[in-house]
1. Could you pull out every one of the strands (runs of 3 or more DSSP E) wholly within the range 142-256 that has 1 or more residues that are over 25 Å from T97 (Cα atoms), small (G, A, S) and free of Cβ contacts under 8 Å to residues at least 24 places away in the same chain?
2. May I ask you to say which residue of N372, N390, N412 is surrounded by fewer than 19 Cβ atoms within 10 Å (Cβ to Cβ), modelled with pLDDT of 95 or more and more than 16 Å from L455 (Cβ to Cβ)?
3. For the range 129-141, which positions are part of a loop (DSSP other than H, G, I, E, B) and either buried (at least 19 other Cβ atoms within 10 Å of the Cβ) or touching a helix residue (DSSP H, G or I) at 6+ places or on another chain (Cβ under 8 Å) (or both)?
4. Just to verify a result, which residue in the range 135-183, among those that are farther than 23 Å from T52 by Cα and among the hydrophobic types (A, V, I, L, M, F, W, C), is farthest from the ligand (Cβ to nearest atom)?
5. Looking at K336, is it surrounded by fewer than 22 Cβ atoms within 10 Å (Cβ to Cβ), outside any strand (DSSP E or B), modelled with pLDDT under 95 and more than 16 Å from the ligand (Cβ to nearest atom)?
6. Taking the residues in the range 339-362 that are surrounded by fewer than 17 Cβ atoms within 10 Å (Cβ to Cβ) and among the hydroxyl-bearing types (S, T, Y) as candidates, determine which candidate is nearest to the chain's Cα centre (by Cα).
7. Output the qualifying pairs, or none if there are none: Cβ atoms under 8 angstrom, residues six or more apart or on different chains, first residue in the range 459-487 and surrounded by fewer than 20 Cβ atoms within 10 Å (Cβ to Cβ) and small (G, A, S), second residue part of a loop (DSSP other than H, G, I, E, B) and modelled with pLDDT of 95 or more.
8. Among the numbered conditions (1) touching a Cys at 6+ places or on another chain (Cβ under 7 Å); (2) touching a residue at least 60 places away in the same chain (Cβ under 8 Å), tell me where N341 comes up short.
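The values are calculated or read from the model by the stated rules, or taken from the named source; none is laboratory data. Everything numeric in this text was worked out from a predicted model, so none of it was measured. Glycine gets a Cβ as well: all are built from the backbone with ideal geometry, and neighbour counts include every protein chain shown.
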Amino acid sequence: MQDLEQPVMNLTTSDKQTLIKNWAEGYKSQLNEYNYEIENIEGEIPHELEGTIFRNGPGKFEVNGQKFGHIFDGDGMICRIAFSQGKAYFQNSYVRTEGYLAEKKAGKILYRGFGTQKPGGFLANIFDIKFKNAANTNVLHWGDKLLAMWEGGKPHQLNPQTLETIGLDDLNGLLDPNKSFSAHPKIIDDVLVNFGVQGITNQQLVIWELDKNGNKLKEKSFPMEGFAFLHDMLITPNYYIFIQHPFKIGALPFLFGFQSIEQCFGFDKNKPAKIIVISRHEDNQMNIIEGDSFFGFHHGNAWEKDDHIYFQSCCSDVYPQMTQENSDMSKIAYDKFPTSNLYQFKVSLTSPKVTREKLDNRGCEFPCVHPNWVGKENRYIYMNVTDNNNGGGPLQNIIKLDLTGEATQVWNPSPTAFAGEPIFVPHPEKNGEDDGWLVSLVYDSSTNKSYLAILSAQDINQVVAKLHLSHHIPHGFHGTWTSKAFI
Ligand code: CO
């Protein structure tokens, strides 16, 4: 296990303020759409790197000067970086959602969002329970479809060749008009597993498995007890795993227009989180095991071993609540803001017992493993971490955490730059767990531009190439790799 006693970096208050200000610069909107060959390249793009990175995230955070109340409500913008024969090509495009188009035309905010109220007080919001599908959380290329995903609704289909929006997609009839499809699918043995939580009260959890052509293999449905805010899931050969954190919701202020839905979230730190283990193969077999109280958006990897399930998850003590009033990212008080750390869980399959152990002291998000290790015991896990090991701060670095404790590495892009989610691209001809590259979009506040970093997964301090864009891309969420090169 890791030595958690690493030197603490003591930043002065003004250093911290500069760091947060620099990071918050990455939440400036990018209103332009580009399409060009990337020519400003440091290093060399490996010739084995043939394929495409797609990445999603909010591209703009306001309409005509009216700011959205939460970064989760920014309009989804897909970035595509295609690699072929040592060259790279960039394109970005907004997802033309109904909300994006209508708000652009009207020149004002027309929809409520996760943390956004329409301007005009409660009268403008009362009984309006329609959210804008921001299509901003993840992007997936599956069954020849490119899908921009958002957990509260259906995915939007885009043309992978042109990035034109085709429209909302029901996945060949899989999703009826009210079904939502989460933004955190898992892929195991060429099967796509995803879920959706339907409704705000009397919720239903629906789980699907799709083959590689997008055809349904399985669908299961379970009623949820209490309020569930499920962002991510875990998968093993035999189980789906969900974590239901101890939320309660008082939806009346939302219904009557006084508060956004996110402001109605209550977190009960005296109640346990529930680990929900569901059989993939048996009908109606669900086990709920109560653990500590904690919150976490993102999980790492899960596997089965000796009558136990093991998994990693980014856990904070409480939910990091934002309000429309404090949505200015440059004013985040990181000393008080809940920070996630990576924990490893051990869940018994024969008794209602779960334990967890902290793996690293740095603040973290966006963990990933080599795609062929999903559902199998992993040695390495890659993720974004803070540049200190004493909790709060913006995500800045990339870590390759070695769970044996032997060979953990950290890559710091620079004191003014902030790496986004690392996406693991496997080497096409090699089979080791760290044979491949980590690809990450990095925002550099010193140039107000972004670049794509390609790191060797074996030695993440070996920067294989930096592909400099001619503009910035705001901090984003999730992306994906496909071995097809879309140019
Ligand atoms: Co996520």
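1. Values: elements: 145-149, 156-158, 165-168, 186-188, 191-198, 204-210, 216-223, 239-244, 247-249.
Here the list reads 216-223.
2. Details: N390 fails: modelled with pLDDT of 95 or more; N412 fails: more than 16 Å from L455 (Cβ to Cβ).
Just one listed residue meets the conditions, N372.
3. So in the range 129-141, the residues part of a loop (DSSP other than H, G, I, E, B) come out as 129-130, 132-137.
The answer is I129, K132, N133, A134, A135, N136, T137.
4. Of the range 135-183, the ones farther than 23 Å from T52 by Cα are 151-154, 170, 172-181.
Restricting the remaining residues to those that are among the hydrophobic types (A, V, I, L, M, F, W, C) gives 174-175, 181.
Numbers: L174: 21, L175: 20, F181: 14 Å.
Here the answer is L174.
5. Values: surrounded by fewer than 22 Cβ atoms within 10 Å (Cβ to Cβ): yes; outside any strand (DSSP E or B): yes; modelled with pLDDT under 95: yes; more than 16 Å from the ligand (Cβ to nearest atom): yes.
Against the criterion (surrounded by fewer than 22 Cβ atoms within 10 Å (Cβ to Cβ), outside any strand (DSSP E or B), modelled with pLDDT under 95 and more than 16 Å from the ligand (Cβ to nearest atom)), K336 qualifies.
6. Just the residues of the range 339-362 that are surrounded by fewer than 17 Cβ atoms within 10 Å (Cβ to Cβ), to begin with: 346, 348-353, 355, 357-358.
With the extra rule that they be among the hydroxyl-bearing types (S, T, Y), the set shrinks to 348, 350-351, 355.
Values: S348: 28, T350: 32, S351: 32, T355: 25 Å.
Here the residue is T355.
7. S470/Y34; S483/E50; S483/P428; A485/E50
8. (2)
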